[in-house]
Amino acid sequence: MEEKPGMEAKPGMEAKLGVAAKAGMEEVARPRPRDRIVVTARDLFHKHGIRGIGVDAIVEAAGTNKMTLYRHFGSKDDLIVACLHKVAGEADAIWDLLDEKYQTDKLGELHAWVRLAADCVVADGRGCDMANAAIELTESDHPARRVIEEFKTAQRNRLANLCRAAEVTHPDLLADALSLLFEGARVSRQSVGAEGPSARFVRMAEAIIASFGKQPAERASKTASDIERGA
């Protein structure tokens, strides 16, 4: 290309620009220290348990140091809370995507939820981060307990709202039935493996949904009563 007067490129300018651009891309691609610590800690907690991993192992795996960790998090407990908030945020994002995709087909969204739940059941056999944290962190005053309880309540409420929108009979009862089935399937997967009852999660969930379909009021009431009595 013909150079214009006053626009001559300085020696090495293109090389410098290339280096700067590459450095900028690497900076964008590399997570910030706080995010890197959260992602690393969450992965280690998931694999080895919250009690089984200390701060030293986290900072080593995250490629940082204790000073940086404690600058972002006052304690290991604060880091645990941040990890659980990340789990909750990801779950909310999935719900939002489902709601957007199935705006006019809420029964279809309910069936889509079953398929996504099935994917979670078979994900890696280590169970739910929230449920695992609840088992490990038994202290009632642990800051993570509130996050766990709020998350479980919010998930159940969103499922109940979806059941109402799908116009099934007794939506709250259906939401509880599906929630318990989902939780139980994950525990079963952890304890007896992929060949256990969790392998039939989708069939069981779909059968439960079908039993709560639109029915005559008298029959629907009897069905719900039978379920509540354990019949």
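Please give the net charge around D105, taking every other residue with its beta carbon less than 13 angstrom from that of D105, where Lys and Arg add +1 and Asp and Glu add -1. Don't skip to the answer; put the middle values down first.
Details: positive: K101, K106; negative: D99, E100, E109, E167.
Local net charge: -2.
log10 I(q)/I(0), Debye, Cα-only the range 67-108, no solvent, q = 0.25, 0.26 Å⁻¹?
Result of the Debye calculation: -0.81, -0.83.
So, by mean Cβ neighbours within 10 angstrom, what's the order for 136-148, 152-164 with the highest one leading?
152-164, 136-148
Can you work out the Karplus-derived ³J(HN,Hα) for every residue in the range 158-170? Use 6.51 cos²θ - 1.76 cosθ + 1.60 with θ = phi - 60°, whole Hz, and x for glycine or proline.
Those phi angles translate into 5, 5, 5, 5, 5, 4, 5, 5, 7, 6, 7, 6, 6 Hz.
Over the range 84-229, what per residue volume does the convex hull of the Cα atoms give, in whole Å³?
Convex hull volume per residue, Cα atoms: 117 Å³.
Just need log10 I(q)/I(0) for the range 31-74 at q = 0.18, 0.22, 0.23, 0.25 Å⁻¹, Debye formula, equal scatterers on the alpha-carbon atoms, no solvent, rounded to two decimals.
-0.43, -0.64, -0.70, -0.82
Laboratory data are not the source of any read-out in this text; all were calculated from the coordinates shown. Worth saying up front: this structure is predicted, and the values here are computed from it rather than measured. Cβ: placed from backbone, ideal geometry, glycine included. Neighbour counts: every protein chain shown.
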